[in-house]
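All remarks here apply to the structure that follows.
The values are calculated or read from the model by the stated rules, or taken from the named source; none is laboratory data. The structure presented is a predicted model; accordingly, all values stated were derived computationally and were not measured. Positions of Cβ are backbone-derived with ideal geometry, glycine not excepted, and every protein chain shown enters the neighbour counts.
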């Protein structure tokens, strides 16, 4: 059973969203998630863990809390967020990220193909795909152009592109 963070900085919390909220979110936005409550809980836990790796504004409200939120000194829209607040977009972002992670599970980025650039049919079908350029020769899962990053944008320590002077 998931332990939901409610803004008190629980030391054993493992999600910002419930399974029921995830199922409702996926249905409303036409997203694919696994069947079964156990798999859905695991997916929400994986998304929460991935979120802990992001650089959020402010700092954890308590040293003993399990998740990145709630936060202290998080300045958003020129106002500090209450220390016990879990912004709605954090919960929505977790659900979006969970769906993105599941999509990567069922359709691994390294196995994806580009757009069809040539298709010839003469007895034997010959299909050619465009190359997907990536310096690492592998697409990265949960890319920054995905909906979860849009939900998180105002709460991340750095937003957008930054130039570094050399």
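Odds and ends about this structure:
- Test result for residue 92, at pLDDT 70 or above and either surrounded by 19 or more Cβ atoms within 10 Å (Cβ to Cβ) or over 30 Å from residue 5 (Cα atoms) (or both): yes
- Residues considered: 66, 42. Of these, the only one that is part of a loop (DSSP other than H, G, I, E, B) and closer than 22 Å to residue 1 by Cα is 66.
- Residue count, region 28-79 (criterion: without any contact (Cβ under 8 Å) to a residue 12 or more places away in the chain and farther than 18 Å from residue 92 by Cβ): 9
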